[in-house]
Amino acid sequence: MVDQETRSSPATVRRQRRRWLGMIVLSFGVAMIMVDATIVNVAVPSIIRELHLSTTDAEWVNSIYSLVFAALLISLGRAGDLFGRRRLFIIGTIVFALASVLAARAGNGGELVAGRTVQGIGAAMILPATLSTVNATFSGKERTIAFGIWGSTIGGMAAVGPVLGGWLTTDFSWRWAFLINVPIAILIVSTAFALIRETTAAHARRGADFVGVLTSALGFGALVFALIEGQRYGWYRPTATTFTVGPLRWPDIAISPVPIAFAIAVLCLVLFVLVERRRRRAGRAILLDLTLFTIPSFRNGNIAASIVSLGEFGLLFALPLFVQNVLGFSAIRTGLILLALAMGSFVAGPIAATLSHKLGARTVVRIGMLLEVLGIAGIGFVVEPGMNGWLLVPPLFVYGAGIGLAVAQLTSVILADVPVAQSGLASGTQSTCRQIGSALGVAILGMVLVGGLGTNTEHQLRAAGVPQATTIAAGLRGSAGTSIVGLRGRPQTARALAAVETGITQTTRQVAYTAAGFVLLGLLTTTALGGRRRTDADDIDDEVPNGRDHAG
């Protein structure tokens, strides 16, 4: 038994202070990468106009970040286990800052997508390193508090992104939405060595699983490509737009590249599972330990997280387009409306741990998801042409409160029974599930958005008797609605403008209801998590890690 004097000795107090100051540094890293997951949303109309992007180009700017993020999370999480989580965190921060400069200097869509791709690599280094470090550094009730801070940072900063992006786009340039990362990265790197303890998984298998990395990246990449590009190249029959990559062109045949991409995705992902099973039986290094999914809380929690992520942040791609294109708000005013989402998350996040102690983490997760469903569906219910945009604030606040309650506690449930020695691999896996869900969510909701912008606006234009309805609708679909500015301020286009605003509003409502449906499905899957409440015995058990980490 450690007496009170020893427990509060100066050395112990210094270690505790260093641990929580390190938590702040980790939170800055998480904040940086989560802000960049959403910061471009309110800047998208400006980026589309300046770089002349199409709707699918804009989708790639959003989704390539999450896709690369997801594809590399597991392998880089494992790298942190082997070579040091603090080391990976610092390297990832440097890569992320350099990529932000590349994105800020982009002169066309391809360069911007390249910058976002490298950002995804840096983010994939940072996130699993932070979560593994939290899991290895804290225990018992402190771990619950630390997870609460980590989860609130994810939910809140993802919501702060549009506000920051709106301010920078309005008062400076959308390019500053990326350059803002440079001073943050300098602050992180200059303090991380002193405040964050180095940890590794002492007994992790050495070696590299290049086949696993290749098959998983190709599989998920092909899947997202098919979902995003189906509208452009045709879901089965080719359209008039020919798929090209550099000097290579898709041949003039009766099938588009999209079903081929779907087939490649299925083949690669099945091959990935088979390879991981064979390598594990042979005792070789693996990218994904499928035995982790024999842990019920880990398996069922990841299923829920993946489904919820399909709808959780995908709406933030479509909503700013409605607010700016239909309601005529500036980027900064759009960001201020979306600030309600961040406020809800920041209010709910700190009380999530207290509620979890009283009600159990699983119950808090369900309450959070229910609030998310109500908030997202509420957005779909209130959107109307000419509405007061500030009416979006209450449902956005509810939506954010749900995120603040659900994110951290769901992470805690997923990792609760995972040995600490496998925390890097497990945290990378659960983060991968979330990011894959986010990438697929942007792709699927983007598909709903693109389809709706074409069909809904054309229907409204024809109903209003506007000539060239098909041409106008095609322009809206290709520009993500930003071509509406050409209809404003001219009396002869007033009828077309009203029809287009109605069509865009209908599309936004469809996107919101689709997103709410995904989160509701995720809520239903949480029944598999069980309903056991956390007890004091659980907290005592948490004091003794299931595995042994090595502190550097």
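Under 18 Å from a label point 7 Å along Cα→Cβ of TYR513: give me every residue in the range 356-374 with its amide N that close. Flagged as within label range: 373-374.
Work out, step by step, the length gained on full extension between SER173 and ALA263: first 0.36 nm times the residue separation, then minus their alpha carbon distance; give nm to one decimal. Each step should come with its number before you reach the end.
Values: separation 90, 0.36 × 90 = 32.40 nm, distance 4.10 nm.
Extending this stretch completely gives an extra 28.3 nm.
Judged by the mean number of other Cβ atoms found within 10 Å, the most tightly packed of the peptides 332-339, 167-174 leads the ranking 332-339, 167-174.
Where does each of 123-131, 502-510, 261-269, 108-116 land if you order them by average Cβ count within 10 Å, highest first? Intermediate results must be reported in sequence, preceding the final value.
Numbers: 123-131: 29.9, 502-510: 23.0, 261-269: 16.9, 108-116: 18.8.
Averaged packing, sorted descending, gives the order 123-131, 502-510, 108-116, 261-269.
Within 10 Å, count the other beta carbons around each residue, average over each peptide in 383-395, 515-527, and list them highest first.
Details: 383-395: 16.8, 515-527: 21.2.
Order by mean packing, descending: 515-527, 383-395.
Note on the range 247-281 and the range 371-402: Cα centroid distance 39 Å, given to the nearest whole angstrom. For the range 270-326, the solvent-accessible area with a 1.4 angstrom probe is 36 square angstrom per residue.
For the pair ILE94 and ARG15 in one chain, pulling the backbone fully straight at 0.36 nm per residue adds 25.8 nm over the alpha carbon distance. The accessible surface of the range 226-347, taken with every protein chain in place and a 1.4 Å probe, is 65 percent carbon and sulfur. Once you treat every alpha carbon in the range 280-363 as an equal point and sum by Debye, what is log10 I(q)/I(0) at q = 0.12, 0.24 Å⁻¹? Result of the Debye calculation: -0.66, -1.17. Label point of ALA464 set 7 angstrom out along Cα-Cβ; within the range 317-333, amide nitrogens under 14 Å from it belong to 326-327.
What does the convex hull of the Cα atoms of the range 219-283 come to per residue, in Å³, rounded to a whole number? Working shown, then result.
Numbers: hull volume 6.4 nm³, N = 65.
Considering the Cα atoms of the range 219-283, their hull volume per residue is 99 Å³.
Say R0 is 51 Å: what FRET efficiency, to the nearest 0.05, do ALA194 and ARG281 get from their beta-carbon distance?
Details: r = 43 Å, r/R0 = 0.85.
The formula returns an efficiency of 0.70 here.
Annotation for THR239 and TRP390: the two label points, set 7 Å from Cα along the Cα-Cβ direction, are 4.0 nm apart.
The values are calculated or read from the model by the stated rules, or taken from the named source; none is laboratory data. Computed from a predicted model, the values in this text were never measured in an experiment. Note: ideal-geometry Cβ built from the backbone for every residue, glycine included; neighbour counts use all protein chains shown. The accessibility values were calculated without ligands, DNA or RNA, using every heavy atom of the protein model including side chains. Shrake-Rupley method; radii C 1.70, N 1.55, O 1.52, S 1.80 Å.
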